[in-house]
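Asker: Quick one: the structure is below, and I'll ask about it shortly.
The values are calculated or read from the model by the stated rules, or taken from the named source; none is laboratory data. Worth saying up front: this structure is predicted, and the values here are computed from it rather than measured. Ideal geometry is used to build each Cβ from the backbone, glycine not excepted, and the neighbour counts take in all protein chains shown. When the accessible area is computed, the model is the full protein with side chains, heavy atoms only, and any ligands, DNA or RNA have been set aside. Shrake-Rupley method; radii C 1.70, N 1.55, O 1.52, S 1.80 Å.
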Amino acid sequence: MAEFVTIARSDELKPGECKVVKAQGLTLALYNVGGKFYATDNTCLHRGGPLGEGDLQDAIVTCPWHGWQYDVVTGENVLDPAAKLKTYEVQVVGDEVQVKI
């Protein structure tokens, strides 16, 4: 059964920032897009780059290794929507950012 797990505090990530987080054995990328939080798998589909260490512009993250880009809201690759990251439901409760796993 899926449950929400706290992965960060809301003040840890300013708008336009992303970071790598761990939750229940998973490595995820957490993004703050204009004050709203999103989470995807941290692993780029191209060569496994760490997306949470990438550059976030609006809702597009660029992998730091080879420049692949993804929409963090949908998980879709910008150039090939069929290449899609797993996304996770995120909620904020008080100052806790939680992801559904």
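Asker: Keeping to the stretch 9-26, report how many residues are in a strand (DSSP E or B) and farther than 22 Å from D58 by Cα. So that I can check it myself, show each step before the final result.
Answerer: Our first condition is that a residue be in a strand (DSSP E or B); within the stretch 9-26, this holds for 9, 18-23, 26.
Then drop every residue that is not farther than 22 Å from D58 by Cα, which leaves 22-23, 26.
Matching residues across the stretch 9-26 total 3.
Asker: Out of the residues in the stretch 55-64 that are of a type outside the set (V, I, T) and touching a Gly at 6+ places or on another chain (Cβ under 7 Å), state the one that is most open to solvent (accessible area, probe 1.4 Å). I'd like the intermediate steps shown before the answer.
Answerer: Our first condition is that a residue be of a type outside the set (V, I, T); within the stretch 55-64, this holds for 55-59, 63-64.
Next cut, touching a Gly at 6+ places or on another chain (Cβ under 7 Å) only: 56, 63-64.
Details: L56: 9, C63: 7, P64: 65 Å².
By that ranking, first place goes to P64.
Asker: Looking at G52, G67, can you tell me which residue is in contact (Cβ under 8 Å) with a residue 24 or more places away in the chain, outside any strand (DSSP E or B) and open to solvent by less than 70 Å² (accessible area, probe 1.4 Å)?
Answerer: Values: G67 fails: in contact (Cβ under 8 Å) with a residue 24 or more places away in the chain.
Criteria check complete, one pass: G52.
Asker: Here's another thing I want to ask about it. Output the residues belonging to the stretch 38-49 that are open to solvent by less than 50 Å² (accessible area, probe 1.4 Å) and over 23 Å from E96 (Cα atoms).
Answerer: If the condition is that a residue be open to solvent by less than 50 Å² (accessible area, probe 1.4 Å) and over 23 Å from E96 (Cα atoms), then C44, G48, G49 are the ones that fit.
Asker: Suppose the filter is assigned to a strand (DSSP E or B), loosely packed, with under 15 Cβ neighbours inside 10 Å, at negative phi and not acidic (D, E); does T6 pass it?
Answerer: Values: assigned to a strand (DSSP E or B): yes; loosely packed, with under 15 Cβ neighbours inside 10 Å: yes; at negative phi: yes; not acidic (D, E): yes.
Yes; evaluated as a whole, the condition is true for this residue.
Asker: Could you list all residues from the stretch 70-101 that are surrounded by 13 or more Cβ atoms within 10 Å (Cβ to Cβ), of a type outside the set (A, V, I, L, M, F, W, C) and assigned to a loop (DSSP other than H, G, I, E, B)? Reasoning before the result, please.
Answerer: Let us first name the residues in the stretch 70-101 that are surrounded by 13 or more Cβ atoms within 10 Å (Cβ to Cβ), namely 70-78, 83-85, 87-88, 90, 92, 96-101.
Next cut, of a type outside the set (A, V, I, L, M, F, W, C) only: 70-71, 74-77, 84, 87-88, 96, 98, 100.
Residues satisfying the conditions are T74, G75.
Asker: Considering the stretch 9-26 alone, what residues qualify as being in contact with a helix residue (DSSP H, G or I) (Cβ under 9 Å, 6 or more places away or on another chain) and either within 15 Å of D55 (Cα to Cα) or exposed (fewer than 14 other Cβ atoms within 10 Å of the Cβ) (or both)? Steps first, please.
Answerer: To start, the set of residues in the stretch 9-26 that are in contact with a helix residue (DSSP H, G or I) (Cβ under 9 Å, 6 or more places away or on another chain) comprises 18-21.
Matches in the stretch 9-26: C18, K19, V20.
Asker: Enumerate the pairs (first residue in the stretch 30-46 and over 11 Å from G75 (Cβ atoms) and in contact (Cβ under 8 Å) with a residue 40 or more places away in the chain; second residue anywhere and surrounded by fewer than 18 Cβ atoms within 10 Å (Cβ to Cβ) and of a type in the set (G, A, S)) with beta-carbon separation below 7 Å, excluding pairs fewer than 6 apart on the same chain, so at least 6 apart or on different chains.
Answerer: If the second residue must be surrounded by fewer than 18 Cβ atoms within 10 Å (Cβ to Cβ) and of a type in the set (G, A, S), the pairs left are V33/A59.
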